[in-house]
1. Name every residue in region 279-295 that is under 14 Å from residue 257 (Cβ atoms) and assigned to a loop (DSSP other than H, G, I, E, B), in order of residue number.
2. Residues that are within 22 Å of residue 120 (Cβ to Cβ) and part of a helix (DSSP H, G or I): does region 169-192 have at least one?
3. Condition check: without any contact (Cβ under 8 Å) to a residue 40 or more places away in the chain and either more than 30 Å from residue 51 (Cβ to Cβ) or outside the structural domain of residue 123 (by TED's automatic domain parsing) (or both). Does residue 270 satisfy that?
4. Among (1) surrounded by fewer than 15 Cβ atoms within 10 Å (Cβ to Cβ); (2) in a helix (DSSP H, G or I), which single condition is residue 216 missing?
5. Restricting to region 53-71, give me the number of residues that are out of contact with any Ser or Thr (no Cβ under 9 Å at 6 or more places or on another chain) and surrounded by 22 or more Cβ atoms within 10 Å (Cβ to Cβ).
6. Looking at region 269-282, is at least one residue at pLDDT 90 or above, farther than 30 Å from residue 127 by Cβ and of a type in the set (D, E, K, R)?
7. Does residue 58 fit the bill of being modelled with pLDDT of 90 or more and aliphatic (A, V, I, L, M)?
8. Looking for whichever is of a type in the set (Lys, Arg), in a helix (DSSP H, G or I) and modelled with pLDDT under 90 here; the options are 256, 236, 298. Which one fits?
Amino acid sequence: MTVKSYGEIWMKAKRAAGLKHTTLRRYQSILKIHLNPTIGSLPLMEVTRAKIRELVAMLNEQGLKPKSIKNVLLCVSALYTDAIEDGHVQHNPALKTAKLIKTAKRSEDVVSFTHEEEWAILKTAQERYPHYYPFILLLFRTGLREGEAVALRPEDLNLRTRCLWVQRNFTAGQLSNTPKSRQKRQVDVSQDLATLLKDYLVVREAEALLNGQSVDGWLFTTPQGDIIRSNNFRDRVWKPLLKDTGLPYRWIHATRHTFASRMILNGANVVYVQKQLGHSSIQLTVDTYTHWIHQSGRDSVLEVDGLMGKPESVGCTPKERAGQNVERKGK
């Protein structure tokens with residue numbers, strides 16, 4: 001039984017038990033907005049402490065305040081308490097939430113893919129899930145949130161200047177006319193991605209005309225021409241894709257962290273990374289990616305010698321100086 005399916009049963013039981021209306025509304029909202037799109041498709045027994053830490057890191061990266069994160073974890077804990085009583089699981093992965101919230105900004109909890117893993121995923125996607133390959137490549141190469149990429153329209157692209165505009169967000173089955181940061185933003189696009197998207201638009205228009213579908217609407221759709229829904233994409237494409245690639249499951253949000261960490265390690269200015277990601281503040285970017293920023297700084301120090309040139313010799317080594325001192329004393 002998945003978290004989402006048990007959550008539906010759990011909410012019915014809570015209503016029948018006469019739980020306060022305000023608490024019911026809060027639980028329902030948390031399930032719909034924060035849990036179903038993330039851990040909803042996972043079997044109850046597969047939600048480990050590590051998955052909860054990833055969830056906390058993601059919520060923090062999205063800009064949720066500690067109090068809101070605490071409410072999410074309390075909901076998860078309450079759900080698992082009843083799941084234990086119902087005999088579905090033996091452990092509650094969301095206990096001791098105070099410690100989890102306290103460490104919410106540790107960048108070590110942010111999960112990304114290595115170069116090799118990214119290439120393997122893209123290669124497998126191109127071979128086995130070609131319809132979704134452009135969508136997955138765009139996630140890796142722009143760092144867009146899944147809902148932002150889903151809500152893109154062809155007119156949001158300007159491939160001549162290699163950029164796109166993020167103007168909408170689609171999460172939990174709801175379309176918002178503003179992205180997560182509440183502000184529209186311009187995102188730069190790499191040359192390879194721009195070339196692929198240009199070819200994709202031509203193929204997309206031809207396929208739409210052949211199938212009698214409209215060429216207007218969403219930039220990326222299902223093979224049937226419908227909007228991509230997070231849970232369906234996760235269950236039918238993303239999870240099988242990672243399995244086919246031979247990789248352990250990671251949330252699709254890891255593509256965003258992969259882009260950000262790659263940019264930082266390649267020397268991109270943190271303010272530029274913030275603007276690309278649409279973070280509400282530079283502090284959020286720094287807190288989320290501290291680990292990679294520190295590593296980038298260390299790598300830069302190693303390049304100082306090459307930039308400044310080799311220093312002149314100090315004349316002799318400490319051992320040689322010691323020998324000279326002995327000679328002087330002998331004299």
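The values are calculated or read from the model by the stated rules, or taken from the named source; none is laboratory data. Every value quoted in this text rests on a predicted model; they were computed, and no experiment measured them. We place every Cβ from the backbone using ideal geometry, glycine too, and count neighbours over all the protein chains shown.
1. Correct list: 279, 289.
2. Yes, that holds for at least one residue.
3. So residue 270 passes the test.
4. Here residue 216 clears every test but (2).
5. Residues meeting the conditions: 0.
6. Yes.
7. Answer is no for this residue.
8. Going through 256, 236, 298 in turn, just one is of a type in the set (Lys, Arg), in a helix (DSSP H, G or I) and modelled with pLDDT under 90: 298.
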